[in-house]
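Since the structure comes first, as structure tokens, the remarks are kept for the end.
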Amino acid sequence: MPGTLSPAQRDAILRCAGDVLEEAIAFLQDLLRIPTVNPPGEAYPECARYIGERLQALGYGVEYIELSPAEVAELAPYGSGLPRVNVLGRLSGSLPAPVLHFNGHMDVVPVGSGWSCDPFGGAISSGRIYGRGASDMKGGIAAQVYAIEAIRRAGIQLQGTIEQSGVVDEESTGNRNAGMGLLVERGYIASGRTDYVVITEPLNVDNICLGHRGAIWGEITTTGRQSHGSTPERGVNAIEHMADFIAEALYELKPRLLQRHNSVPVVPESASAASLSFGTIAGGTNINSVPDRCTVTFDRRLVMGEQLEDARNEIRELLERRARMQSGLGYSYTERYATGPTWVSSDTPLVRAFAASIQEVLGRPPGYVCSPGTDDQRFVVHNAGIEQCIVYGPGEIIQTHVVDESLAIDDLLTSIKVMALAAANLLGVS
């Protein structure tokens, strides 16, 4: 680590974090008013430009990373052909290294129904900012930008370099994607070029997230033989056999999964076990025909120590057993997305810097936790080969993807302070 701050520098940064809070709030409200809903991926260019213009106004060199229509079709197959634009800002220090990269995704999940306020209004009530993406994770983007601005407002020059990125398509995942995955593929984030990466997802401001569970998103189709509804014995009912498979998965496989617990704390604790759930089902063509086709989608979550191939085989074995029991029954198994569990060491300069900053700001040591879902950390750790990558940002995990999503303003300020102190200690100051 280049060095520690003097007490006067530390106090100046903390004071300026409070000074920039109103600007950070206004910036976040403006981001919330841009409806970057994914799927399909709306208003990405507008949001990227807004972030880029703010970074440029704060002294960053800015680059917009766009995709060709062919790349969009390949990397965003569920994106209705809408344009994908990422933004990258670079603020050079007095030395070429180290490089600290802050990252947030600008896309948000669909709104749903039942909101008591405008989901794209950015309203403030009782100390909280409301809107789709307030916690997940436009609040993180606002915090990362204004953490560095607090250092600048304190009159302190960083020795190392800061990078800030706003990316697309985190919510739609993918083994490759048009956001963070693309930045890694094109070398914007790379081992030997990037020393530290902080993804500002919401896992509570007193936690440092060191990894995430694994996941398989898949689709299973059973195929049978059609017949008239009045003579079902002449057909092979794909829906009925799918129902039998689901029952076996829920009553035979799922209890075994629930006995497998993560070896590190998960937030929330209720997500500590391995899991399997079915998301959609479709089959048949009309009421008086035995259906010859039925399709379900499933979501399998893996805990530390589980392997992707083992998880796949557990599902395939149930399908194969059912196919052997019924002549004329077939099945297919495909995957949309798969990633193994991810975990990085807590004994690194990056983690120590954030731990010390949380202790300084909150007066207590951090928790070291695992995310229940997956996130863009997988691209950095597995694909770019960068071990020093953590998740830290404002917001509560229980606020993600919910009606009336919100972010506590106190949490926004806390995360700005923590990130500012950690960045200054990591990169060194002149």
Using alpha-carbon positions, what is the distance between the centroids of segment 274-341 and segment 240-260, in Å?
10 Å
Per residue of segment 353-364, in order, report the coupling 6.51 cos²θ - 1.76 cosθ + 1.60 (Karplus, θ = phi - 60°) as ³J(HN,Hα) in whole Hz, putting x for Gly and Pro.
5, 6, 4, 5, 5, 5, 4, 5, 7, 9, x, 8
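Computed FRET efficiency, Cβ-Cβ of Glu320 and His261, R0 22 Å: what is it to the nearest 0.05? Intermediate values should be presented prior to the final figure.
Values: r = 28 Å, r/R0 = 1.27.
Step by step, r from the Cβ atoms, then E = 0.20.
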Once Rh is set to the Kirkwood radius over Cα pairs, what Stokes-Einstein translational diffusion coefficient, in µm²/s, holds for segment 222-302 at a temperature of 37 °C and a viscosity of 0.692 mPa s?
226 µm²/s
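May I ask you to derive the FRET efficiency for Glu63 and Ser430 from their Cβ-Cβ distance with R0 = 41 Å, giving the value to the nearest 0.05?
Details: r = 25 Å, r/R0 = 0.62.
Given R0 = 41 Å and the Cβ-Cβ separation, E is 0.95.
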Give me the percent of accessible area attributable to carbon and sulfur for the chain, probe 1.4 angstrom.
50 percent
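Given a 1.4 angstrom probe, what's the average accessible area per residue across the chain, in square angstrom? Numbers along the way, then the final one.
Details: 16710 Å² over 430 residues.
Per-residue value: 39 Å².
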Here segment 25-166 gives, from Cα atoms, an Rg and Dmax in Å of 16.3, 51
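Applying a 10 Å radius around every beta-carbon, put 57-63, 171-177, 261-267 in order of their mean neighbour count, most first. Numbers along the way, then the final one.
Values: 57-63: 14.9, 171-177: 19.4, 261-267: 17.6.
Highest mean packing first, the order is 171-177, 261-267, 57-63.
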Top of Ala142, Ala282, Ala97 by mean-square fluctuation, Gaussian network on the chain, Cα under 10 Å:
Ala282
Sticking with the crude label model, points 7 Å out along Cα→Cβ, report the distance from Thr280 to Gln226 in nm, one decimal please.
2.2 nm
Where does each of 103-112, 23-32 land if you order them by average Cβ count within 10 Å, highest first?
103-112, 23-32
Efficiency of FRET between Arg176 and Ser125 - r from beta-carbon atoms, R0 45 angstrom, step 0.05
0.65
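What does the extension gain come out to for Ser289 and Ala273, with contour length at 0.36 nm per residue minus their alpha carbon separation? Could you put the intermediate results ahead of the total?
Details: separation 16, 0.36 × 16 = 5.76 nm, distance 4.06 nm.
Computed gain between Ser289 and Ala273 is 1.7 nm.
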For the chain, modelled as a GNM with alpha-carbon contacts under 10 angstrom, which of Pro255, Pro372, Pro98 fluctuates the most?
Pro255
Restricting to DSSP H runs of at least four residues, report the calculated mean residue ellipticity at 222 nm for the chain, -39500 (n - 2.57) per run over all residues, nearest 500 deg cm²/dmol.
-9500 deg cm²/dmol
Give me the number: length gained by fully extending Tyr337 to Glu53, i.e. 0.36 nm times residue separation minus the C-alpha to C-alpha distance, one decimal in nm.
98.9 nm
Quick check on packing: order 123-135, 68-80, 230-242, 407-419 by the mean number of other C-beta atoms within 10 Å, highest mean leading.
407-419, 123-135, 230-242, 68-80
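Within the set of other residues whose C-beta is less than 10 Å from the C-beta of Ile397, count the net charge using Lys and Arg as +1 and Asp and Glu as -1.
On the way: positive: none; negative: Asp136, Glu201, Glu396.
Value of the local net charge: -3.
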Spin-label model distance (nm) - Glu46 vs Leu82, 7 Å beyond Cα toward Cβ
1.0 nm
If you restrict to DSSP beta bridges whose two residues both lie in the chain, what percentage is antiparallel, to the nearest 5?
70 percent
Using a cut-off of under 19 Å, list every residue of segment 1-45 whose amide N is near the label point 7 Å from the Cα of Ala97 along the Cα-to-beta-carbon line.
1-3
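The values are calculated or read from the model by the stated rules, or taken from the named source; none is laboratory data. In this text the structure is predicted, and so the values were computed from the model without any measurement. We place every Cβ from the backbone using ideal geometry, glycine too, and count neighbours over all the protein chains shown. When the accessible area is computed, the model is the full protein with side chains, heavy atoms only, and any ligands, DNA or RNA have been set aside. Shrake-Rupley method; radii C 1.70, N 1.55, O 1.52, S 1.80 Å.
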